[in-house]
Structure formats: C-alpha cells, structure tokens
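Report on the structure given below.
The values are calculated or read from the model by the stated rules, or taken from the named source; none is laboratory data. It should be emphasised that the depicted structure is a prediction, and the values quoted were computed from it without experimental measurement. FYI the Cβ positions are ideal-geometry reconstructions off the backbone, even for glycines, and counts take in every protein chain you see.
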Amino acid sequence: MTDSRRGRLKTWTIPIVTALALAGCATDSEKTKVEGGAKVIQSGSLTVCTHLPYEPFQYKEGGDVVGFDVDLMDLVAAELDLEQEIFNTPFEKIETGLSMSQGDCDIAAAGMTITEDRQKVMDFSDPYFDATQALLVQKGAGVASLEDLSGKTLGVQASTTGRLYAEDNAPDDVEIAVYEDLALLTAAVKTGKIDAGINDNTVLYDYVADNPDLEVATEFDTGEQYGFAVAKDGNDELIATVNDVLATAKEDGTYDDLYQQYFGDAPAE
Amino acid sequence: MAMSPRKRARLSRGIQYVVLVVLVLVAIALMDWGRIQEQFFNLDSARTMWPDVILIALKNTIIYTACGFGFGLLLGLVLALMRLSSVGPYRWLSTGFIEFFRGVPALVVFIALDIGISLAFPGYAVPGDKLGIATLALGLVGGAYMAETIRAGIQAVPKGQMEAARSLGMSHTRAMISIVIPQAFRIILPPLTNELILLTKDSSLVYVLGYTSAQVELTAFGRETLNQERNLTPLVAIALCYLLITIPLSIVVRRMEARSGRAR
Amino acid sequence: MTAPKVDPEAPAIEIRDLHKAFGDNEVLSGIDLEVGQGDVVCVIGPSGSGKSTLLRCVNLLEEPSSGDVFVEGIQVTDPDVDVDAVRSRIGMVFQQFNLFPHLSVLRNLTIAQQRVKKRDKSECEGIARANLDKVGLSDKADAYPAHLSGGQQQRVAIARALSMEPDMMLFDEVTSALDPELVGDVLAVMKQLANEGMTMMVVTHEMGFAREVGDDLVFMDGGVIVEQGNPRDVLGDPQHERTKAFLSKVL
C-alpha cells in the first residue's frame, strides 16, 4: 500500500519542529549584574535556596518565611538593593550544589555545614554559625549516648552531616532511619516511632523548648560551622559581599542581636 | 424451621445494618473529640492559610495540572499513532517510551528530569521556568498513560470508517484527523477525564523541582503550614481543595458514561 | 509519485490474473475481468467466493497478492501510483453504510470534496444538495446519521460517493443489511444511476436488479469466475453445475 509521500513527510516534520523549538530555547543563564559585581538570576531579587522547615534558621510563621538565616540574607539583599526571594527545594539539591549551578537560585542559606565534600561542588562564605550534632530523645528514656541505643532505632535527616556522623559512630546494631526533613524526624521521636534522633544542636534545643516531653540527651563534639554557598566559581562577587556584610554585622552588634532573638543567649566569644 | 432465601437475605442485610451502626457508635464514643477538633479542624490554623490556599496554591495546582494534561494529551496522541504505525521503529520507540514512563514512579521521573537535564545540558533550561519543567514532567508521565487509552479509542473506531474515508480519496493522515480521531476521542472521554483526575493528584510531586512562595501548589503548601501550625488541619484544608477539583470531574465522567450508554 | 493519466480509450476496469491470499487462504485464484465504460457488471456467488474481495481490490482497499488492476488505463497495482487520487475517482458504497456519525448528512457529503478536491464551501454544498435531491433526501441535509433509517443511510452513502463526481461506482452488497421494505428505495437509486450511464460494478444478491439493469453477470465460486454473460442468459439458462446449484438455492 503506497502511503502518499506527502503524508510521510508530514509525520517527520512534527518531531523535527519540536526538537528545534526546544533547542532554540537554550538559554545562556543571562544574569543581571548588581552592585559590587554580584550576579543574580532575577533582576530585583536575591533568590535564596533553602529547605523548609529548619527551625529556627528557616521556618514558616504566620504565612511568612522567617528565621536566623533569612534575616542574615535580608541584610545581604539590602546591601545589594534587592528583595529576598525564597526558593524552597529538597535539601539534597542544595547540599550537592545543583540548585545553584542549575540556576534555581543565587545563594543557598539552609543551616548548611561547611564540609570538604561540599566545598568541592560549591563556594562557601565565611562561617556564620557554630554548631555541633546532638541527640534528641524522649524525657526519661534513659539514653545518654549512642551506645545506649544498642538494638534500637536512631533517626537521621537525609543529606545531613548528622547522618554521616551517625553512620560512622553508632554501634552496628543500631537501626538507622532516614527522614526527609527535620519536622518528620522530630515527630517520629515524639510519637515514639523511633528511639532517638540526631541533628544540629540548636534546632533540637529549639524543638525541646516547645516540646518539654523531649530532651537533648547529649551533644557530640563535631565542631561544625555553617556557611552560605554559591555555585562553584560562579559568583565570587556575591560571596565577597556576603562576607563583608557578615563582618559588618558582627562588628556593629546586629549579629549579636539576631543571635539573641533566635537562640536566647549571646553567642560564645 | 427453614427460611426462604429471600427472608434469609433480608435477615443478613438487617444484621449488616446493625453491625454498621454499632461500629459507628463505638467509634464515635471512643474518639477523643476534643483532640480531633484541635488536630483536624482547628479554625485558627485554617485561617492562616486564607486566602493564599485558594489564590496561590489551588490556582497553581490547577495550572500545573492543566498544562501537564494538555502536553500529555498531545504526547499521548503522538505515541498512540506511533504504536499503530506501520513503521517498525516508531512502534518500538513508542512502546519503549510508554513502558518506561508507566513503569517508573512519577517521583523518580521528576527528580531525574530536573537534575538530569541540567547535568546533561549545562546552561540550558527548559523554557517556561518552573511551569515549563512541571508541564514536561507531568506531561511525560501522563502522556504515557493516556497513550494506551487513546490507542484503544482509535482502534475502537470501526474499521469501516477508515475504509469509507479512504475510498473517498482521503489520505491516511486526513482520514485520521477528520474522521477517526474525533470519533476516538468521543469514545475515550470518560477514561481521559479519569486521567485528568489522577494527574491532579500527581501534580503534588512538583515540589521536588523546588518552588517559590508564588509557585507553591496545594500539597507543598499544606505541608509547610503543617510544620508551621503543628496540627493536621492544613492537610484537611488542602484535601478539601483537591476534592473541589476532583469531585466535579468525577460527576462529569459519570454523566458522560451514562449518556454514551443511552445513545445508540 | 505518478500523476495518473486517464486513457479515454481504455475500459473502466480491467483485472488481469488477479490473485489474493490472506495468509494460507487463497481467496482469489486468477480473476480476469473487464468492465467497459458505462457498463453495469453484477457479481454474484455464495459467501466466501471472494466477490467482495474482488471489488475491494479495484480501489486497493485490499492489496492483491499478484496480478494487475487497471482503472481507466492506470495501473493501480503500480507501487508508485497515487492511490488517493485514483480513489477519488472511484465511488464506493458499503454494506454497513459507514456514514460518519459525528458529522451531519450534509457534512458527510462535503468533507471529502473540501479536503480532497479542495472545492470551496458553496460549490461543495451545491453538489451535495443536488445529490441528496437525486436520492430523495433533500430534507435530511442537517440530520445526523443516527436519526436515519438503514435505507436512508444507504441512500446518503450513495449521495456521498456521488458527490466526489466519480467516473465509476463500486457497490458491495449494499442492500444485504437492510430490512426488506427499505431495499426497494436503494435499488431505485441504483437503477437511476445505471440509466444515466454510470459505470457500475455491483456485488449483490438481488437477481431482479441484475436481470433488469445489468449488462454483464458474473458468477463466482471458490475464488474463480465460474460463469459469465448476459444476465438473462446466465439466470435463465445456466450452463455450469455450480451455477445451477447456487441459483436453485437463491431463486
């Protein structure tokens, strides 16, 4: 049966035209330049990647996103005459640097610890917060260390340094349960689905303040520091601005005020 | 004394009613209504969601779903035609595509698409920003499902229709476009609408692509507020929003099926 | 793609040594047949004799396994021929009517004119209405096929085929699916067409029609032409045993 050749030609044009249309839309990450030479993906905004919720660094209250990281980023945005725009994305995209290199945001502020592995895929600012890992348990559970969890379940948050610490240091017979975000992890400890949870100390202290039926059993001396991050070799000017803003804030007391607002005490040293 | 089958049936029904009522009463008596109201029907929590839950979240869910469905429908039609083609490679490509995107969880597809495209084509972004890639992801998955429905619809059109069209001198393509496909779509309107309902729920997976407060859809919005309010009322609220979309669609489907059942 | 060039001298249809097999089943085992311009050739035979298949090979709805088919001198079995163009000059009417249910009667008649012959809207409608009038259904132009009786649908189908202004018409058992009281109206239309000089190849069980209107009667059985000739002769004085056996059952 001879198909009219015209018909066959028509069938070919559809895939070809579609391919061309998609290809023709290849964007070359046109970024806008702002003060100090920093580049932003959307003019007028400092687009900040984060993963909600991670109280008190970033969380929703009354419909708005607030937190320690958020306020620090507001300082940076103000310095660049921009408005902060928050982009909520799964944490693994942030800590692998993909969100920044993909152009989803200019900078990541997500209570993120500076590590060697992460430094390979993104550029960090100067450290802006000291933290360490801690253990969350129900009050009176009789757990004081990782060894006490022998034969029990320990919850961790995906893609975090806490998970790495747990996997390296927990006894072999501890079952490790992975949770996508902090809220799910803490809820699991609260309801008793798991025996303990490991995460950064400040967020856990913040949680037990509102949940007196739980407590922080102990801290692990990991000496972590948080940093803000941009795409690797992608935005030196922005990082320079962030470092300047951080230095200024520490000098003129703004940093201490924010710290007190979110963490109660003044920062050590 | 032996009971007639009808009496036995009536007795059985009666017992079932009683059991049902007893179970409901027991559940009502055992439930802690205070906590349930606080957890599921907390008006203060619900109030914080207003009006963003409708103006932003619901709107976005509808937009993502509609765009994904539109793209998926086109893709599904192309795949269906490829499956029916006499050209071997078209058939194999189409079958492979359909099997893959139906066999892999939509969540995996979304994540892989998002990360995969930016890794494989650095500097290139799918046109349309978040809506663009959400449309692409939803459309790929939806299209794979709809392809089979559309193919079945096309094959359900009596062969005589194509023969009559071709005997009038219409080309195969022209006969497809003017005669076969319109009739096929009339046939598959109910199952396609079901696909739309399913896609509405799949739009909740868009969260893995990341979003700003203006791009948030119902499920992500509900989860965010859940974390904020620490009770489940936000989830009840977004569930109601989803039902606002899906129930009317279900009614439409049932009406369509009734009408086509009545027609000759 | 060869633009078909009609040979005015050639017979309307010429079939040479046509064979058609579906898998292992040979349905046509060497058919030679000629239909002259203006002729009405009726094909009769038991079911399974291959008569419908023969008809469908003429406009390539079935592809012959071997042999040749010529329509107005054009070899339609040539792989390079533009089949759609050839088909637009052959009208076909089916046993199951095959009207397009999603289109109105008028649209059924105009859609092919518009899409294939590229006529403008008013021209299409003019021709369509004229043909509807010819088959006695002018008042049904805006109705939908589902609202018509079988006989009306078949007459619309004839009008649809005629609207393409074909050089010949193929009829595939067009009255077999009709209630007996509706058959007469359809046959009347066909008789009128024959009297107007339309070349027709008709597969049918209606012997009365064949006797009245046919120029040539072909009896097929088991994939071959068993007997052929003037209808009155074949029907009145069949020569072959199989012809006699068949006719004794249907007459």
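What's the number of the only condition in (1) touching a residue at least 40 places away in the same chain (Cβ under 8 Å); (2) of a type in the set (D, E, K, R); (3) touching an Asp or Glu at 6+ places or on another chain (Cβ under 9 Å); (4) more than 23 Å from A:Val121 (Cα to Cα) that A:Lys250 fails to meet?
Unmet condition: (1).
Kindly evaluate B:Ile154 against the criterion of being more than 19 Å from B:Leu75 (Cα to Cα) and either β-branched (Val, Ile, Thr) or more than 23 Å from the chain's Cα centre (by Cα) (or both). Please lay out each step first, then the result.
On the way: more than 19 Å from B:Leu75 (Cα to Cα): no; either β-branched (Val, Ile, Thr) or more than 23 Å from the chain's Cα centre (by Cα) (or both): yes.
Answer is no for this residue.
Check every one of the helices (runs of 4 or more DSSP H) wholly within segment A:65-172 and list those with 1 or more residues that are in contact with a His (Cβ under 9 Å, 6 or more places away or on another chain). Full working, then the answer.
Details: elements: A:68-79, A:91-95, A:98-101, A:116-121, A:161-169.
Output list reads A:91-95.
Tell me, please, whether a residue that is surrounded by 17 or more Cβ atoms within 10 Å (Cβ to Cβ), of a type in the set (A, V, I, L, M, F, W, C) and under 23 Å from B:Asn227 (Cβ atoms) can be found in segment A:219-232.
yes
Scan segment C:59-78 for residues that are polar (S, T, N, Q) and within 9 Å of chain B (Cβ to nearest Cβ) and report the count. Outline the logic, then answer.
So in segment C:59-78, the residues polar (S, T, N, Q) come out as C:59, C:65-66, C:75, C:77.
Now restrict to residues that are within 9 Å of chain B (Cβ to nearest Cβ): C:59.
Going through segment C:59-78 one residue at a time, the tally reaches 1.
Need pairs with beta-carbon distance below 6 Å; first residue in contact (Cβ under 8 Å) with a residue 24 or more places away in the chain and within segment C:114-126, second of a type outside the set (Gly, Ala, Ser); sequence gap 6+ or separate chains.
C:Val116/B:Met170; C:Cys124/C:Thr110; C:Cys124/C:Gln113; C:Cys124/C:Gln114
Does B:Ile56 qualify as being touching a residue at least 60 places away in the same chain (Cβ under 8 Å) and not in a loop (DSSP other than H, G, I, E, B)? Please lay out each step first, then the result.
Numbers: touching a residue at least 60 places away in the same chain (Cβ under 8 Å): yes; not in a loop (DSSP other than H, G, I, E, B): yes.
Yes.
Restricting attention to segment C:210-223, which residues are surrounded by fewer than 20 Cβ atoms within 10 Å (Cβ to Cβ) and over 20 Å from C:Met200 (Cα atoms)?
We begin by selecting, within segment C:210-223, every residue surrounded by fewer than 20 Cβ atoms within 10 Å (Cβ to Cβ); these are C:211-212, C:215, C:222.
Once the filter is applied, which keeps residues that are surrounded by fewer than 20 Cβ atoms within 10 Å (Cβ to Cβ) and over 20 Å from C:Met200 (Cα atoms), segment C:210-223 yields only C:Gly222.
Name the pairs: first residue in segment C:14-36 and over 14 Å from C:Gly222 (Cα atoms) and in contact (Cβ under 8 Å) with a residue 40 or more places away in the chain, second residue β-branched (Val, Ile, Thr) and assigned to a strand (DSSP E or B), Cβ to Cβ under 6 Å, at least 6 apart or on different chains?
Matching pairs, first to second residue: C:Ile15/C:Ile31; C:Ile15/C:Val69; C:Leu33/C:Ile15; C:Val35/C:Ile13; C:Val35/C:Val41.
Output the residues belonging to segment B:171-197 that are within 14 Å of chain A (Cβ to nearest Cβ) and either among the basic types (Lys, Arg) or closer than 19 Å to B:Cys67 by Cα (or both).
The one that is within 14 Å of chain A (Cβ to nearest Cβ) and either among the basic types (Lys, Arg) or closer than 19 Å to B:Cys67 by Cα (or both): B:Arg174.
Given the criteria within 14 Å of another protein chain (Cβ to nearest Cβ) and buried (at least 22 other Cβ atoms within 10 Å of the Cβ), does A:Glu55 qualify? Give the steps one after another, and end with the answer.
On the way: within 14 Å of another protein chain (Cβ to nearest Cβ): yes; buried (at least 22 other Cβ atoms within 10 Å of the Cβ): yes.
Answer is yes for this residue.
Being surrounded by 20 or more Cβ atoms within 10 Å (Cβ to Cβ), more than 26 Å from C:Arg107 (Cα to Cα) and either within 14 Å of chain C (Cβ to nearest Cβ) or under 26 Å from the mean Cα position of the chain (by Cα) (or both) narrows it down to one residue among B:Thr200, B:Thr149; which is it? Steps first, answer last, please.
On the way: B:Thr149 fails: surrounded by 20 or more Cβ atoms within 10 Å (Cβ to Cβ).
Answer to the selection: B:Thr200.
Matching residues to (1) over 18 Å from A:Met112 (Cα atoms); (2) within 14 Å of chain B (Cβ to nearest Cβ):
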| position | (1), (2) |
| --- | --- |
| A:Thr161 | no, no |
| A:Leu164 | no, no |
| A:Glu167 | yes, no |
| A:Ile176 | yes, no |
| A:Asp181 | no, yes |
| A:Leu184 | yes, yes |
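Let me spell it out: the conditions are (1) modelled with pLDDT of 90 or more; (2) more than 25 Å from B:Leu198 (Cα to Cα); (3) of a type outside the set (S, T, N, Q), and B:Ala137 meets all of them except one. Which number is the exception?
Every condition holds for B:Ala137 apart from (2).
Regarding C:Val81, is this residue out of contact with any helix residue (DSSP H, G or I) (no Cβ under 6 Å at 6 or more places or on another chain), crowded, with 18+ Cβ neighbours inside 10 Å and in contact (Cβ under 8 Å) with a residue 40 or more places away in the chain? It would help to see each step written out before you state the result.
Numbers: out of contact with any helix residue (DSSP H, G or I) (no Cβ under 6 Å at 6 or more places or on another chain): yes; crowded, with 18+ Cβ neighbours inside 10 Å: yes; in contact (Cβ under 8 Å) with a residue 40 or more places away in the chain: yes.
Yes; evaluated as a whole, the condition is true for this residue.
Among the residues of segment C:121-170, which ones are in contact with a strand residue (DSSP E or B) (Cβ under 8 Å, 6 or more places away or on another chain) and either within 11 Å of another protein chain (Cβ to nearest Cβ) or within 19 Å of C:Gly197 (Cα to Cα) (or both)? Steps first, answer last, please.
At the first step, the residues of segment C:121-170 found to be in contact with a strand residue (DSSP E or B) (Cβ under 8 Å, 6 or more places away or on another chain) are C:154, C:157-158, C:161-162, C:164, C:166-170.
Of everything in segment C:121-170, those that are in contact with a strand residue (DSSP E or B) (Cβ under 8 Å, 6 or more places away or on another chain) and either within 11 Å of another protein chain (Cβ to nearest Cβ) or within 19 Å of C:Gly197 (Cα to Cα) (or both) turn out to be C:Ala157, C:Ile158, C:Ala161, C:Leu162, C:Met164, C:Pro166, C:Asp167, C:Met168, C:Met169, C:Leu170.
Checking C:Gly126 against (1) of a type in the set (Gly, Ala, Ser); (2) over 17 Å from B:Glu163 (Cβ atoms); (3) buried (at least 22 other Cβ atoms within 10 Å of the Cβ), which test does it fail?
Status for C:Gly126: all satisfied but (3).
How many of the residues making up segment C:79-109 are assigned to a helix (DSSP H, G or I) and within 11 Å of chain B (Cβ to nearest Cβ)?
Within segment C:79-109, the subset assigned to a helix (DSSP H, G or I) is C:83-87, C:105-109.
Restricting the remaining residues to those that are within 11 Å of chain B (Cβ to nearest Cβ) gives C:83-87, C:107-109.
So the answer is 8.
With respect to the numbered conditions (1) farther than 16 Å from C:Gln228 by Cα; (2) part of a loop (DSSP other than H, G, I, E, B), which one is the sole condition not fulfilled by C:Ser49?
Status for C:Ser49: all satisfied but (1).
Name, by its number, the condition in (1) within 12 Å of the chain's Cα centre (by Cα); (2) within 14 Å of chain B (Cβ to nearest Cβ) that does not hold for A:Gly111.
Checking A:Gly111 against (1) within 12 Å of the chain's Cα centre (by Cα); (2) within 14 Å of chain B (Cβ to nearest Cβ), the one that fails is (2).
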